[in-house]
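To start, the structure itself, in structure tokens.
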Amino acid sequence: MPMIQMDRSDDVDVIRALSVDTFAQTFADTNTKEDLDEYFANNLSRDELQREIDDPDSVFLVASVDGEPAGYMKTNIGAAQTEPMGDDSLEIQRLYILRDYKHHGLGTNLMHTAFDMARAQGKTRTWLGVWEHNDPAIAFYKRFGFTRCGSHTFVVGHDRQTDLLMQTPVPARG
């Protein structure tokens, strides 16, 4: 049985590799190479990710299987949230798993960890944005009680896309 581990990370190189690889695996078929390259250069650059890592209101968690990075999650509170959702909220800004590790419970483990973090910080709501055409992710989030509460624009290169905003009350520990 593989050993699964979740650790807070400030290793910008690991986070950047996971960020670029998982985003490309998830969205390469629906975006141009030029738009992806621009997104990676502007939003997932080493400098930008280091700035995010250094923000005390953001946390990166890396999920590893047998010591190999397999996915990650970034959460935000307070002013680090990408939308002004209030001090009672924790945002899951990114939750991505490498293709070879999908359907092994890593996303579920990361989601439960986000809920644990929210409870520990006294938050009452967890929210996220998800591309309106990412049906597998939307179905995954609905399993945890997330419902639509709005939308916002997400830009990949020059392509303006619509993300659904979804939220759920932080569940009681159980």
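Taking amide H as placed 1.01 Å from N in the peptide plane, the amide H of residue 157 sits under 5 Å from that of 39, each at least 5 places away or on another chain. Amide H to amide H, with H built 1.01 Å from N, residue 90 comes under 5 Å of 125, 126, 127, counting only residues 5 or more places away or on other chains.
Ranking 43, 113, 152 by how far each Cα lies toward the positive end of the dipole of the chain (charges on Cβ) leaves 113 at the top. Computed 3J(HN,Hα) for region 133-143, one whole-Hz value per residue from the Karplus formula 6.51 cos²θ - 1.76 cosθ + 1.60 where θ = phi - 60°, is 9, 8, 4, x, 5, 4, 4, 4, 5, 4, 4, glycine and proline marked x.
Of the Cα atoms belonging to region 4-126, the radius of gyration and Dmax stand at 14.4, 42 Å.
Spin-label model, residue 10 to residue 37: label points 7 Å out along the Cα-to-beta-carbon direction sit 3.4 nm apart. DSSP beta bridges fully contained in region 45-174 are about 90 percent antiparallel.
Give me the dipole magnitude in Debye, nearest 20, for the chain about the Cα centre, with unit charges on the beta carbon: positive for Lys and Arg, negative for Asp and Glu.
Roughly 820 debye, rounded to the nearest 20.
Computed from backbone phi with θ = phi - 60° and the Karplus coefficients 6.51, -1.76 and 1.60, the 3J(HN,Hα) list for region 73-86 is 9, 10, 10, 9, 10, x, 5, 6, 4, 6, 9, x, 8, x Hz; x is used for glycine and proline. A simple rule links phi to the HN-Hα coupling: the Karplus curve 6.51 cos²θ - 1.76 cosθ + 1.60 with θ = phi - 60°, which for region 115-120 gives 5, 4, 4, 4, 4, 4 Hz, with x for Gly and Pro. Once the chain from residue 153 to residue 66 is taken as fully extended at 0.36 nm per residue, the excess over their C-alpha distance is 27.6 nm. The lysines whose alpha-carbon is closer than 18 Å to the alpha-carbon of residue 74, local same-chain residues fewer than 8 away aside, are 102, 123.
Our helix-only sum for the chain, with -39,500 (n - 2.57) per DSSP H run of n ≥ 4 divided by its residues, gives a mean residue ellipticity at 222 nm of -10500 deg cm²/dmol.
Here, each number is a calculation from the coordinates, and none is a lab measurement. The shown structure was predicted, so the numbers you read here are calculated from the model rather than taken from an experiment. So basically every Cβ, Gly included, is an ideal-geometry build from the backbone, and we count neighbours across all protein chains shown.
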